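Below is one structure, written out as structure tokens; the observations come after it.
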Amino acid sequence: MNFAGNSLVAAIVLAAPLVAQPALAEDSRPTPHIVVTGEGTASITPDTAILTLSVVREADTARAALDANSAAMADVLAAMQEEGVAERDLQTSNFSIEPKYVYPQSSSNGDREPPRIVGYAVHNTLTVRIRNLDRLGAVLDTSVSLGVNQGGNIVFSNDDPSEAVTEARVAAMKDAMARAKTLTDAAGIGLGKVLEISESSQGGAPEPLAKVRSAMVEAASAVPVATGENTYRVTVNVSFALDQ
């Protein structure tokens with residue numbers, strides 16, 4: 001009788017998982033859901049400009065070209081500080097010394113002499129952050145007067161764009177919710193709770209659109225500059241459960 005009782009217990013234990021399996025399989029089914037993408041933008045007036053100014057000097061020797069370039073750049077740096085640009089906003093971003101070659105033509109028998117160096121060019125590029133945009137035109141004019149002969153590119157940005165980015169995020173989320181509601185209403189099903197939200201943007205953070213502009217620094221007086229607006233864009237991907 002003991003053996004019979006043990007067999008009965010074992011049969012019940014073994015049978016229990018078989019009864020529970022359909023319930024487990026049903027719980028493991030994926031939740032019906034919909035994934036939508038929302039976009040939001042916000043525009044604000046820039047408060048900062050980043051200039052790229054280059055001084056190029058050429059001479060017969062590398063030493064002479066370097067001396068001429070260094071003198072011109074020293075004048076530019078001094079002028080920037082006189083315009084109120086802080087030292088932390090001045091940075092050398094590129095420096096190079098390049099030989100200039102002459103390539104002789106081939107002779108009648110096809111021989112060609114090797115190229116020879118006839119001089120040197122020294123490039124020195126300065127990146128300047130202007131925090132007072134009212135002085136931007138004057139800074140450009142001063143830099144050209146002191147010998148800047150390349151560059152002039154301007155990037156308009158914002159020192160703290162967090163409010164604009166937050167506004168764009170809110171707009172993106174509202175857009176995603178509106179898209180999801182439109183789709184589920186059209187399908188005749190209910191929209192459930194949010195399952196997942198992810199944010200994506202170029203370069204890992206929202207960036208101004210078309211923020212790069214160029215200034216043609218050829219005028220004899222202060223250069224007129226139009227700042228326009230910076231537009232920040234945020235994209236979100238949102239997963240919603242479906243009520244069926």
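Among the residues of segment 122-132, those identified as buried (at least 16 other Cβ atoms within 10 Å of the Cβ) and under 26 Å from the mean Cα position of the chain (by Cα) are Asn124, Thr125, Leu126, Thr127, Val128, Arg129, Ile130. Residues that are within 20 Å of Ile44 (Cβ to Cβ) and modelled with pLDDT under 90 do not occur anywhere in segment 174-197. Quick check: is even one residue across segment 128-135 modelled with pLDDT of 90 or more, over 30 Å from Ala172 (Cβ atoms) and out of contact with any Asp or Glu (no Cβ under 7 Å at 6 or more places or on another chain)? Yes. When we screen Ser143, Ser93 for residues that are touching a residue at least 60 places away in the same chain (Cβ under 8 Å), touching a strand residue (DSSP E or B) at 6+ places or on another chain (Cβ under 7 Å) and assigned by TED's automatic domain parsing to the domain that holds Asp67, the only hit is Ser143.
Here Val194, Val122 are screened, and the one residue that is under 30 Å from Ala62 (Cβ atoms) and not basic (Lys, Arg) is Val122. Scanning segment 73-93 for residues that are under 20 Å from His123 (Cβ atoms) and buried (at least 19 other Cβ atoms within 10 Å of the Cβ) gives Met73, Val76, Met80. Taking segment 51-79 as the range and being part of a helix (DSSP H, G or I) and in contact with a helix residue (DSSP H, G or I) (Cβ under 8 Å, 6 or more places away or on another chain) as the test, the residues that pass are Val76, Ala79.
The single condition among (1) surrounded by 13 or more Cβ atoms within 10 Å (Cβ to Cβ); (2) at pLDDT 50 or above; (3) under 24 Å from Arg131 (Cα atoms) that Ala226 does not satisfy is (1).
The values are calculated or read from the model by the stated rules, or taken from the named source; none is laboratory data. Bear in mind that the values here come from a model prediction, so they are computed numbers and not experimental data. Cβ: placed from backbone, ideal geometry, glycine included. Neighbour counts: every protein chain shown.
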